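Contents: one structure, followed by commentary.
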Amino acid sequence: MAILLIHGGAGTIRERYRAAYAAGLRAAVDAGHVALTAPASDDAPRALRAVLAAVTSMESNPDAFNAGVGGALTRDGAVELDACVMLSGAGAGAVAGVTNTPNPVLLADLVRRATPHVLLIGAGAEALVADPVPNEALITEKSRAALELWRMGAEEQLEQPAAHGPTGSNTVGAVALDDEGHLAAATSTGGRTGQWRGRVGDAPLPGLGTYADELVAVSCTGKGEAFMEAVTAGKLAAALEAGVPLEEALRRALAGVARRGGDGGIIAVTADGQVGVAFDSPHMAYGVAAPGVDVAEVATAPFVKVLRPG
């Protein structure tokens, strides 16, 4: 049973951007679904190829999303990007504080495949980029406008900049199950508008914002610090391993984030083909491609849903 589940961020997604989000979600779902269902052409599991295709599509779409090109700007006007890829049975790769590539998710997978490490940061990660771009190439008018809006209120909030930019959470992600039973997860983020240089959230940290093992694949979005402190993705996986139903595990995971002052969303797919989407922020952008299910939308009321496609 081939299943792809994506998110384009959770937070406040303003109405004027929702059509662009819906179009971007549709493009990402389609790109990921093609990779998930196409005949295998190399040694990479189709679940892995699917999450990379979907996330790369969103990273490259600044009209809707703000991971990759159009990533959130630090308080001094730079883009720093983080990403993680994890594959059941084949480990994880991650990068943080990357400033010279529009697609950090591909760099994260390179770390997974080609280095003895899980996480590389800053210059160490950037040295692996085959075709580096100047940081200015990642900046958009929308990201500049978001920083100016943040600066207007910054004097009162210098220690705690806003968790989300004006178009929502600066994170995208995907999880997939392929017909061979591989599970994969990928998450990419542009960080938080107005963040300090060097800030890293949950997205590139296996077990916090991204996780995949033989039981479940998970990607999170929202206030990263709260997801980090709640160990969200890892605890969700542990709950499932202990026999907790997916819907209850998702509720517990969001509750753990809320206890630490955060909100956001979670997507998960299990080895037995369950699809979970949950969020407690005002909005969440998500999409699903699975037998009998084809969704790409911005949800405007919090929910916890578990689907069994097929």
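The values are calculated or read from the model by the stated rules, or taken from the named source; none is laboratory data. Since the structure is predicted, the reported quantities are computational estimates derived from the model, not experimental observations. Neighbour counts run over all protein chains shown; Cβ positions are idealised from the backbone, glycine included.
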Report yes if some residue within the range 70-78 is touching a strand residue (DSSP E or B) at 6+ places or on another chain (Cβ under 8 Å), hydrophobic (A, V, I, L, M, F, W, C) and within 22 Å of Val269 (Cα to Cα); otherwise report no. no
Per the filter on the range 97-127, residues touching a residue at least 24 places away in the same chain (Cβ under 8 Å) and within 16 Å of Val55 (Cβ to Cβ) are Val98, Thr101, Pro102, Asn103, Pro104, Val105, Leu106, Leu107, Ala108, Asp109, Arg112
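Restricting attention to the range 74-95, which residues are part of a strand (DSSP E or B), modelled with pLDDT under 95 and on the phi < 0 side of the Ramachandran plot? Give the steps one after another, and end with the answer.
Within the range 74-95, the first condition is being part of a strand (DSSP E or B), and the residues that meet it are 79, 81-87, 91-95.
Now narrow it down to the ones that are modelled with pLDDT under 95: 91.
Listed by number, the list is empty, since nothing qualifies.
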Only one of (1) part of a strand (DSSP E or B); (2) surrounded by 15 or more Cβ atoms within 10 Å (Cβ to Cβ) does not apply to Asp294, and that is (2)
Can you confirm whether the range 47-62 contains a residue that is surrounded by 24 or more Cβ atoms within 10 Å (Cβ to Cβ), in a helix (DSSP H, G or I) and more than 15 Å from the chain's Cα centre (by Cα)? yes
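Across the range 254-291, what is the number of residues that are of a type in the set (A, V, I, L, M), in contact with a helix residue (DSSP H, G or I) (Cβ under 7 Å, 6 or more places away or on another chain) and in a loop (DSSP other than H, G, I, E, B)? Steps first, answer last, please.
Within the range 254-291, the first condition is being of a type in the set (A, V, I, L, M), and the residues that meet it are 254-255, 257-258, 266-269, 271, 275, 277-278, 284-285, 288-290.
From what is left, the residues that are in contact with a helix residue (DSSP H, G or I) (Cβ under 7 Å, 6 or more places away or on another chain) are 257, 266, 268, 278, 285, 289.
Now restrict to residues that are in a loop (DSSP other than H, G, I, E, B): none.
Qualifying residue count for the region: 0.
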Restricting attention to the range 12-67, and to residues there that are at pLDDT below 95 and touching a Phe, Trp or Tyr at 6+ places or on another chain (Cβ under 7 Å), which single residue is farthest from Gly173 (Cα to Cα)? Ile13
Give just the number: which of (1) surrounded by fewer than 24 Cβ atoms within 10 Å (Cβ to Cβ); (2) touching a residue at least 60 places away in the same chain (Cβ under 8 Å) does Arg192 not satisfy? (1)
May I ask you to list the residues in the range 295-310 that are within 19 Å of Val172 (Cβ to Cβ) and charged (D, E, K, R)? Glu297
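Looking only at the range 125-135, count how many residues are farther than 18 Å from Thr187 by Cβ and touching a strand residue (DSSP E or B) at 6+ places or on another chain (Cβ under 9 Å).
In the first step, residues of the range 125-135 are kept if they are farther than 18 Å from Thr187 by Cβ; the result is 126-135.
Filter once more, so that each one left must be touching a strand residue (DSSP E or B) at 6+ places or on another chain (Cβ under 9 Å): 126-129, 135.
Residues that pass the stated criteria total 5.
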Looking for whichever is surrounded by 15 or more Cβ atoms within 10 Å (Cβ to Cβ), more than 23 Å from Ser88 (Cα to Cα), under 15 Å from the mean Cα position of the chain (by Cα) and in contact (Cβ under 8 Å) with a residue 24 or more places away in the chain here; the options are Ala268, Ala285, Ala278. Which one fits? Ala285
Restricting attention to the range 66-104, which residues are out of contact with any Asp or Glu (no Cβ under 9 Å at 6 or more places or on another chain) and small (Gly, Ala, Ser)? Gly77, Ala78, Ala90, Gly91, Ala92
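For Ala289, are the conditions met, namely being of a type in the set (A, V, I, L, M, F, W, C) and either out of contact with any His (no Cβ under 6 Å at 6 or more places or on another chain) or more than 16 Å from Ala174 (Cα to Cα) (or both)? Give the derivation first.
Details: of a type in the set (A, V, I, L, M, F, W, C): yes; either out of contact with any His (no Cβ under 6 Å at 6 or more places or on another chain) or more than 16 Å from Ala174 (Cα to Cα) (or both): no.
Judged against the criteria, Ala289 is not a match.
Please go through the range 190-232 and pick out each residue that is under 29 Å from Lys142 (Cβ atoms) and in a helix (DSSP H, G or I).
Step one: list which residues in the range 190-232 are under 29 Å from Lys142 (Cβ atoms), which gives 190-205, 208-210, 218-228, 232.
Residues satisfying the conditions are Gly224, Glu225, Ala226, Phe227, Met228, Thr232.
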Checking Gly68 against (1) surrounded by fewer than 24 Cβ atoms within 10 Å (Cβ to Cβ); (2) part of a loop (DSSP other than H, G, I, E, B), which single condition isn't satisfied? (1)
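Within the range 96-116, which residues are β-branched (Val, Ile, Thr), within 17 Å of the chain's Cα centre (by Cα) and in a loop (DSSP other than H, G, I, E, B)? Reasoning before the result, please.
In the first step, residues of the range 96-116 are kept if they are β-branched (Val, Ile, Thr); the result is 98-99, 101, 105, 111, 115.
Checking which are within 17 Å of the chain's Cα centre (by Cα) leaves us with 98, 101, 105.
Listed by number, the list holds a single entry, Thr101.
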